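To start, the structure under review is shown below, and the notes come after it.
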Amino acid sequence: MPATGTPLPWDRGNGPCVMAPPHLRGWAEEAAAFLSLRGMDGITAFATSGSSGSPPKAILFTRRALDICARGALEHLHAESGDWCCPLPVWHVGGAMIYLRAALAGTAVHTLRGKWCPQAYADLMKSSGARWSSLVPTQVVDLVSLGLRAPSTAGCIIVGGGALDTETGRKARTLGWPVVQSYGMTEAGSQLATALPGDSFHTDRLSLLPHWEAQTDKGGLLRFQGKGKLFGRLLTQAHGGFLLERVAPQEWWSTRDLVRLEGRLLTFLRRADRLVKVLGELVDPDAVQDVLRRSVPEAVVEAVPHPRAGMELASGMRRPQAPSASAPSWKRPSPSRSWESWTETGCAPS
């Protein structure tokens, strides 16, 4: 049973629960009705960031699978006691799983209300005495930039939604924030592999959680299997209807992530496509470029590093030049003069 202060969103009713950001509320209601008509009232679904510019989709889980994911994280971190602090949106798998871990452990969740504020987070961690929490790299950068010190009660801060650079991670440790790098995705109910709290900060050779098995295909792409795996996907079709894709229990789920596996240690190398993480959200530069080209056919979008957001998207115009045997017909403008860049303003994990 959930502990006091840890209400689970999917316990509010008997129908399917579709977790989605506020701007997708109408879509989430339609998705829940679609699932209910197919007798899937016990399903919990998470809308995913997916590719910017593409229709929404949801990753489906049974309640049992989510419990397995939460118990696996508790076992891996030895987090069976101590409260949690949640600075993440509950509609995202990273935020929702904080509540489920606390409920299964019989502890409470202290929620950071309103927009992200590093000082308010540090104050809440101190006043609540919470031992556990989760952050995205951008939030850790903010804590370090302001020189905010962690309370002595902080035991482990899971960093997800992208890799935290090693220097920032070490600075966070110096300030007392016990950050550990994790690797995961919505399809895995949050975490697949996470560094151990007692180790020095590192982003490679992360330990697989106990409920997962992992392997790579011939091209080095990650595949994983376990009882916490997704049940299926709900895709939005071009005409506005839904398409339900079921995933068989024995099926290994294939990703587009290139990784290195050494026994049960995982190192993320890179994506096999152009998708990048911006403030913890997976963004597709090609999809954004396609949208821009509806108005500006010569538009080009690229991902470039950003110290706080991890990556940002930069847009520019392709300009024709005289064709030659050694040069292409189009030339990318100089980023310093012709590119306009932007980043999102919110924080959410992957």
Result of the Cβ filter at 6 Å on segment 71-84, keeping first residues that are closer than 18 Å to Ser152 by Cβ and partners that are aromatic (Phe, Trp, Tyr), at least 6 apart or interchain, is Ala79/Trp132; Gly82/Trp132; Trp84/Trp132
Failed criterion for Leu148 (all others in (1) at pLDDT 95 or above; (2) surrounded by 20 or more Cβ atoms within 10 Å (Cβ to Cβ); (3) of a type in the set (A, V, I, L, M); (4) over 18 Å from the mean Cα position of the chain (by Cα) hold): (2)
In segment 178-213, anything touching a helix residue (DSSP H, G or I) at 6+ places or on another chain (Cβ under 6 Å) and over 17 Å from Ile68 (Cβ atoms) is listed as Val179, Phe201
Working only within segment 88-115, note down all residues that are in contact (Cβ under 8 Å) with a residue 60 or more places away in the chain, under 22 Å from Val140 (Cα atoms) and in contact with a Leu (Cβ under 7 Å, 6 or more places away or on another chain). Gly94, Gly95, Tyr99, His110
So, in segment 151-161, of the ones that are under 17 Å from Gly94 (Cβ atoms) and of a type in the set (A, V, I, L, M, F, W, C), which residue ends up surrounded by the most Cβ atoms within 10 Å (Cβ to Cβ)? Val159
Tally up the residues in segment 233-272 that are touching a Gly at 6+ places or on another chain (Cβ under 9 Å), basic (Lys, Arg) and at pLDDT below 95, please. 0
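The values are calculated or read from the model by the stated rules, or taken from the named source; none is laboratory data. What you see is a predicted model; the values in this text were computed from it and never measured. With ideal geometry, Cβ positions are generated from the backbone for all residues, glycine too; neighbour counts draw on all protein chains shown.
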